[in-house]
Amino acid sequence: MSDIDQVVTRTRRLEGILRTRFRARGRGLHQLITDSEERLPREIIGKLRYIATIRNKIVHEDDFKLEDKAQFVQACTVCEKELTPRSGRFIWGFTVALLILLTAAAGLFYYVNWAEFSMHF
């Protein structure tokens, strides 16, 4: 995936989060950030502005080259993680942990009582 593809894909994902979760309105990422600035965590706003600036430069300037791709990807990942609702991550983590616990309990139950069950087979 080229730099332009990756930048546009990641920024569109962030724009979608801002529009749906934070009810932001606007055309570009900068406008969406400005519109939802009071609802956003303070430590994320600077990273979002950095991402929006990189996106605008890579799309509109012919000679722009993304020098530190890892920093851009890390900023996008941090923003996506911070803007994603925590309850969804908590619910999925709890569900997976409960499923593993119940499976282990069932396995232990059959292991302890296998002598009684094997007579019926």
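The values are calculated or read from the model by the stated rules, or taken from the named source; none is laboratory data. Computed from a prediction, not measured in an experiment: that's the story for all the values here. Here the Cβ positions follow ideal geometry from the backbone for every residue, glycine too, while neighbour counts run over all protein chains shown.
The table below lists the values:
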read-out	value
G107 being at pLDDT 95 or above and either in contact with a strand residue (DSSP E or B) (Cβ under 8 Å, 6 or more places away or on another chain) or not acidic (D, E) (or both)	yes
Only listed residue being farther than 29 Å from S2 by Cβ and of a type in the set (V, I, T), chosen from V78, V112	V112
When residues of the stretch 46-77 are limited to those that are in contact with a Lys or Arg (Cβ under 6 Å, 6 or more places away or on another chain) and not small (G, A, S), the one nearest to R19 (Cα to Cα)	C76
